[in-house]
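Enquirer: Mind having a look at this structure? Questions to follow.
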Amino acid sequence: MIRRPAPKTALALGAAFVGGLGIVSALTPELADRSDIVRGVLPPGMPEAARVLALAFGIALVWLARGLAQGKRRAWLLAVWLVVASAVAHLAKGLDFEESTVSILLLAALWRWRAAFSAPGDPALLRPLLRALIALCAIGAFAGLREIDTMHLSQEIESALVLLAVPVAFRALYLWLRPLAARLQSPAEAKAAAEVVRRSGRDSLCYFSLRRDKSLLFSPSRRSFLAYRVVGGTALVSGDPIGDPAELPELLAELRRIAAARAWRVALAGVSEETLPLARAARMKPIYLGDEALVRPETFSLEGRSIRKVRQSVTRLRRGGYTVRILPVGDVDGRLRAEIAEVSAEWRGRWPERGFTMAMDALWSYPDGLVAVAEGPDGLGGFVQLVPSPASGGWSLATMRRRHDTPNGLMEYLIVETIEWARSYGVREVSLNFSVFAEALRVRGGAPRRRRLARFLLLRCDRVFQLERLFSFNRKFQPEWRRRYVCVERYTDAPFVALAYLQAEQLLTPPRPWIRESDLAAR
């Protein structure tokens, strides 16, 4: 039995087809007899202007196809106007009845299934949208005045206006189609989520769901929740859903219902293998993302040739007069806080504060955490922030920073001392870092060609994303590797989810005009 596409999908394909037809029509010559009729009726220059408009409308309809497939109301509204304008433009440029007829058929279909497009846009973006439209009108008005004044635009001025108008037009379309933003968590929700994590948080990434820049969705009993952040129209769930396993399938289904009503994609980022059955039951597709490095304090040792570089760093720092203190966040006094802030600012430089899946957004806002500081003859050299995984009896590294002029190996020394502390308190595991695509980075010469090619490409990106450097640092401690996945609703969503994930982790930051003002406030 052949499954018919949903009206949204069918109309999106129809809009892409009509847009593509318009582009081809605008770029090919007109029929001579029809063109003569048009030029004899319309004012001079009108058919040429109509051709340019038909091309622009075709491109816009192709752009709108994705929004129509997602059921966006604003995409439908704009598509209706564009289809009408496109039909008129095709007639004006050369009596193209065929293209106009196809446009009218699409218009009838859009009107027939208008109820399928209900996902609202974000009203907070109307003001920046208005500014973009005013700028576009100003460019058009300037072009019109130049046309009247000189009877024609010079080629240089015309090219400059086009180069200016195109990004402004795409900016306006982007703002018009951007979906409704998610509401960030309230203080009461943050408190309730922290209680669920303390009671049921079994995964090493669970505490990171408490970041204040994430939205929270609770089950009716409030015993379970998932944390997510909407980036670029994608609701990224951070780590495994937390709480009663019996409630998690309905909780995930509820998020997907909310997402469908708001034209969001849904993706689970950084989930463990234990969550894959839940994702597959919801017909989501898992994709390998990377490995998390875990150290078992009870079996960790500095003995042996394979870990000698770490052992040498520890010995050198101890002889250099460095010591490590591990303090609860609440016990850090004002002087030490100021020193930590200074080290953090020096380490970051001009880079943004990174993290989403396995990093916290603040040092002092989470009282359950610990701070391990390395102090030497010249004062504070570096620190790490640790957050708990209460039910699993482990700790996870959240932040790791040092001064630039400290001796090499300071971070290795600091982590080893932290692991030794964890062993003395019976801690089961210490989670170090998350290494994206670690499986590909482990590849060596005898591996299949496609895997060696993947490693080659990842190494080329290391200057920006530091994937290999982070993997190599983690590997020094001979950790266990826990596989992590991203789960998507459709494989075709993967490129959009990848961009959203990079932006959420602050590894890829769009230019400021393309960032939602609420996102800036959250940072």
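The values are calculated or read from the model by the stated rules, or taken from the named source; none is laboratory data. Model, not experiment: these values are computed from the prediction. Methodologically, a virtual Cβ is constructed for each residue, glycine included, from the backbone with ideal geometry; neighbour enumeration extends over all protein chains shown. Quick note on the areas: whole protein, heavy atoms, side chains included, nothing else; ligands and nucleic acids left out. Shrake-Rupley method; radii C 1.70, N 1.55, O 1.52, S 1.80 Å.
Enquirer: Return the residues of segment 150-179 that are of a type in the set (A, V, I, L, M), at negative phi and modelled with pLDDT under 70; say none if nothing qualifies.
Expert: Leu153, Ile157, Ala160, Leu161, Val162, Leu163 - these are the residues of segment 150-179 that are of a type in the set (A, V, I, L, M), at negative phi and modelled with pLDDT under 70.
Enquirer: Determine which member of the set Val373, Val384, Val324 is open to solvent by 10 Å² or more (accessible area, probe 1.4 Å) and of a type in the set (A, V, I, L, M).
Expert: Going through Val373, Val384, Val324 in turn, just one is open to solvent by 10 Å² or more (accessible area, probe 1.4 Å) and of a type in the set (A, V, I, L, M): Val324.
Enquirer: For segment 205-228, how many residues meet the condition of being under 18 Å from Ala182 (Cα atoms) and either assigned to a strand (DSSP E or B) or of a type in the set (Phe, Trp, Tyr) (or both)?
Expert: 8
Enquirer: Quick one: how many residues across segment 232-249 are at pLDDT below 90 and surrounded by fewer than 24 Cβ atoms within 10 Å (Cβ to Cβ)?
Expert: Summing the residues that are at pLDDT below 90 and surrounded by fewer than 24 Cβ atoms within 10 Å (Cβ to Cβ) in segment 232-249 gives 2.
Enquirer: Now a separate question. Looking at this structure, is Arg305 farther than 19 Å from Thr492 by Cα, open to solvent by 50 Å² or more (accessible area, probe 1.4 Å) and free of Cβ contacts under 8 Å to residues at least 12 places away in the same chain?
Expert: Judged against the criteria, Arg305 is a match.
Enquirer: Output the residues belonging to segment 370-403 that are in a loop (DSSP other than H, G, I, E, B) and closer than 17 Å to Gly355 by Cα. Spell out how you get there, then give the answer.
Expert: Let us first name the residues in segment 370-403 that are in a loop (DSSP other than H, G, I, E, B), namely 377-378, 393, 403.
Within segment 370-403, none qualify.
Enquirer: Anything in segment 24-47 that is touching a residue at least 40 places away in the same chain (Cβ under 8 Å) and not small (Gly, Ala, Ser)? List them, or say none.
Expert: Glu30, Leu31, Arg34, Ile37, Val38, Leu42, Met46, Pro47
Enquirer: Further question on the same structure: Considering segment 38-50 alone, what residues qualify as being among the hydrophobic types (A, V, I, L, M, F, W, C), modelled with pLDDT under 75 and part of a helix (DSSP H, G or I)?
Expert: Residues satisfying the conditions are Val38, Val41.
Enquirer: Moving on to the next point. What are the residues in segment 58-81 that are under 24 Å from the mean Cα position of the chain (by Cα) and surrounded by fewer than 24 Cβ atoms within 10 Å (Cβ to Cβ), if any?
Expert: Val62, Trp63, Ala65, Arg66, Ala69, Gln70, Gly71, Arg73, Arg74
Residues are listed down the side, and each one gets a yes or a no for (1) crowded, with 17+ Cβ neighbours inside 10 Å; (2) farther than 21 Å from Arg428 by Cα:
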{"site": "Ala188", "(1), (2)": "no, yes"}
{"site": "Tyr207", "(1), (2)": "yes, no"}
{"site": "Arg212", "(1), (2)": "no, yes"}
{"site": "Ser215", "(1), (2)": "yes, yes"}
{"site": "Arg222", "(1), (2)": "no, yes"}
{"site": "Ala227", "(1), (2)": "yes, yes"}
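Enquirer: Out of segment 292-325, which residues are farther than 14 Å from Phe477 by Cα and of a type outside the set (Ser, Thr, Tyr)?
Expert: Within segment 292-325, Arg316, Leu317, Arg318, Arg319, Gly320, Gly321, Val324, Arg325 qualify.
Enquirer: Here is a list of conditions, (1) in contact with a helix residue (DSSP H, G or I) (Cβ under 6 Å, 6 or more places away or on another chain); (2) modelled with pLDDT under 85; (3) assigned to a helix (DSSP H, G or I), and Glu30 meets all of them except one; can you say which number that is?
Expert: With (1) in contact with a helix residue (DSSP H, G or I) (Cβ under 6 Å, 6 or more places away or on another chain); (2) modelled with pLDDT under 85; (3) assigned to a helix (DSSP H, G or I) applied to Glu30, the lone miss is (3).
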